[in-house]
Structure formats: structure tokens, C-alpha cells
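A quick write-up on the structure given underneath.
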Amino acid sequence: MSSKADTPSTKPLSNSQRAFLALRDMIFAGDLAPGSDHLESELAEQLGVSRTPVREAALMLESQGLLELRPRKGVRILPVSPDDMAEIYDVLTELECLAARNAANKGYSQTDLDPLAKAIEDMEVAVAQNDLENWAEADDRFHRALVLLGDNSRAATIFDMMNDQVRRARTVTLFMRPLPVQSNEDHRQVFEAIKAGDIGTADAVHRAHRQNAKNMMLELLKKHRLRGV
């Protein structure tokens with residue numbers, strides 16, 4: 001027989017926590033654009049809270065390098081830095097290659113690999129329809145599923161934090177990039193290597209894929225800055 005003490009309780013989020021999550025999502029979605037300025041009162045009205053939770057949320061977001069608090073001027077959403085993205089891609093490359101090697105070594109069943117297969121199928125459909133937004137969503141699912149198959153909870157936690165920054169950069173650059181036909185082919189090769197238990201190929205193909213993605217992202221971010229958009 002269990003007691004109430006045995007049952008974990010879920011505390012409701014505070015206004016500051018809700019404001020933090022809402023503002024963070026708006027930054028990553030591009031609703032609060034890089035380089036834009038916002039008054040705390042404006043954000044408070046938009047979120048339906050007072051200015052205090054917004055200020056507390058902004059302090060947390062500032063510590064993550066997403067915005068800058070400016071005395072008497074509100075907040076400025078910081079632009080996506082090519083230098084930051086270079087570091088993030090380096091970390092993600094190692095995390096995901098570790099996941100690819102681990103996944104190839106585990107002898108997963110077809111059912112286990114279904115999330116990868118479905119993401120690849122959706123990416124190929126999206127490319128055929130020239131639908132970059134749906135492609136980006138499926139691409140994100142592929143990378144997330146790959147890391148989960150790596151079966152390393154700490155790597156998955158770091159991935160989630162870093163991947164949010166990649167999503168933010170991709171919001172800026174998605175429609176500047178060429179159609180990702182080669183990216184889809186890379187994903188399929190990684191999938192087939194994991195399915196076959198080929199650890200070396202899974203690592204090598206995914207490493208090259210991430211390096212190419214990094215180079216493209218940095219080039220696009222630099223072009224974006226030069227255009228001043």
C-alpha cells in the first residue's frame with residue numbers, strides 16, 4: 001500500500017519559470033528576432049504577467065547568452081554568433097558520433113530504428129515537395145532519435161541544450177541554404193550503417209555530415225551578417 005509521501009507531486013510552474021520558457025521558445029522560434037529590442041513592459045503584457053517575472057526570466061536568459069539586459073532600455077535579443085555556432089557544432093559532432101557508434105554496436109531491431117527511418121522518409125518527402133520547414137522538423141527528429149539510440153543520458157542532456165541553439169541559427173538561415181538532398185543521403189547512409197552494425201561507417205559518415213553542416217551554417221551566418229538582415 002502506497003502513501004501520499006510515495007507519490008511524487010508536480011509543482012506548478014512559477015510566473016518567472018513560465019516567462020522564461022515562453023521567452024526562450026519565442027527566441028528559438030524567431031518570434032523575438034536577433035538584434036531586436038523589447039521593453040520589459042511590452043513583454044510582460046504579451047505574456048500576461050507583471051514585469052518582475054519578465055525581469056527574472058531575462059536574467060536567466062542573459063546567463064545563457066540569448067539576450068542582453070540594458071538599463072532603462074529593456075532587453076536586446078543577441079544575434080547568432082558564427083564563433084558560438086562553430087563551438088556548438090564541434091560539441092554536437094562528438095556527441096552524435098558517439099551516439100552513432102553506440103547505436104551501431106547495440107544490435108537494435110528494425111522496430112527500435114523506426115524513429116530514424118520515419119524521420120528520413122519525412123525528410124525525403126519534404127525535399128521532393130521543396131518544403132524546407134517540414135524538412136527541418138524531420139531533420140531535428142532524426143538527430144534527436146540518433147542521440148537517444150546512443151543510450152547516454154548525459155550526452156542527451158547536453159545535446160538538448162546545444163541543439164536549441166542550432167534550431168535558432170537554422171531559423172535565420174533555413175531559406176538561404178540549397179535544397180538538402182545530400183543531407184538526406186547522409187542520413188540514410190548513417191541509418192544503414194547502424195542497422196548493419198557497421199560502427200566505423202556510422203561514425204565516419206556522420207562526422208563528415210556534421211562537418212559539412214557546420215561549414216554551411218557558418219558561411220550562411222556570415223552572409224546574413226553582411227546583408228544586415
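Observations
- Considering the range 1-109 at the alpha-carbon level, its Rg and Dmax are found to be 19.6, 58 Å.
- A 1.4 Å probe run over the range 1-160, with the rest of the protein chains in place, finds 56 Å² accessible per residue.
- Theoretical FRET efficiency, 1/(1+(r/R0)^6), r = Cβ-Cβ of residue 175 and residue 11, R0 45 Å, to 0.05: 0.65
- Surface share of carbon and sulfur [accessible, 1.4 angstrom probe, percent] for the range 50-134: 46
- Dipole magnitude of the range 1-121 about its Cα centre (Cβ charges: Lys, Arg +1; Asp, Glu -1), debye to nearest 20: 560
- Additional length obtainable on full extension of the chain from residue 161 to residue 134, 0.36 nm per residue less Cα span: 7.6 nm
- Rg/Rh for the range 90-172 stands at 0.99; both radii use Cα atoms, and Rh follows the Kirkwood definition.
- Remark: the chain is approximated by an ellipsoid whose semi-axes, taken from the C-alpha gyration tensor as √(5λ), come to 34, 25, 15 Å, largest first.
- The helix-based estimate of mean residue ellipticity at 222 nm for the chain, built from -39,500 (n - 2.57) per DSSP H run of four or more residues and divided by its residue count, is -23500 deg cm²/dmol to the nearest 500.
- Crossing angle, helix 15-29 versus the chain [Cα axis fit, 0-90 degrees, rounded to tens]: 50
- The range 109-218 - Kirkwood radius from inverse mean 1/r over Cα pairs (Å): 14.4
- Taken about its Cα centre, the chain carries a charge dipole of roughly 700 debye when the Cβ of each Lys and Arg holds +1 and the Cβ of each Asp and Glu holds -1.
- Proximal lysines relative to residue 73, as straight alpha-carbon distance under 30 Å, when same-chain residues fewer than 8 apart are discounted: 222, 223
- With the charge dipole of the chain set up from +1 on Lys and Arg Cβ and -1 on Asp and Glu Cβ about the Cα centre, the Cα lying farthest toward the positive end among the listed residues 215, 13, 199 is that of 13.
- Stokes-Einstein, applied to the Kirkwood radius of the range 46-123 over Cα pairs at a viscosity of 0.890 mPa s and 25 °C, places its translational diffusion at 147 µm² s⁻¹.
- Length added when fully stretched, residue 94-residue 52, from 0.36 nm per residue minus Cα-Cα: 11.2 nm
- Rg and Dmax of the range 155-229, both derived from C-alpha coordinates alone, stand at 14.5, 47 Å.
- With the simple model of a label 7 Å out from the Cα in the direction of the Cβ, residue 114 to residue 87 spans 4.1 nm.
- Remark: the range 202-217, residue by residue, has Karplus-estimated 3J(HN,Hα) of 4, 5, 5, 5, 6, 5, 5, 4, 5, 5, 5, 5, 4, 4, 5, 4 Hz, where x stands for each Gly or Pro and the curve is 6.51 cos²θ - 1.76 cosθ + 1.60 at θ = phi - 60°.
- Degrees separating the helix 82-105 axis from the principal Cα axis of the chain, which is the longest one: 40
- Computed from the Cβ-Cβ distance with R0 of 45 Å, the FRET efficiency linking residue 185 to residue 42 stands at 0.50.
- Tilt relative to the chain, helix 132-149 - C-alpha long axis, 0 to 90 degrees, to 10: 70
- Between residue 25 and residue 199, residue separation times 0.36 nm minus the direct Cα-Cα distance comes to 59.1 nm.
- Under 12 Å from the residue 70 label point (7 Å along Cα→beta-carbon), backbone N, the range 20-46: 35-40
The values are calculated or read from the model by the stated rules, or taken from the named source; none is laboratory data. These numbers come from a predicted model, not from an experiment. Here the Cβ is made from the backbone with ideal geometry for all residues, glycine too, and neighbour counts use every protein chain on show. Remember, those area values only see protein heavy atoms, side chains included, never the ligands or the DNA or RNA. Shrake-Rupley method; radii C 1.70, N 1.55, O 1.52, S 1.80 Å.
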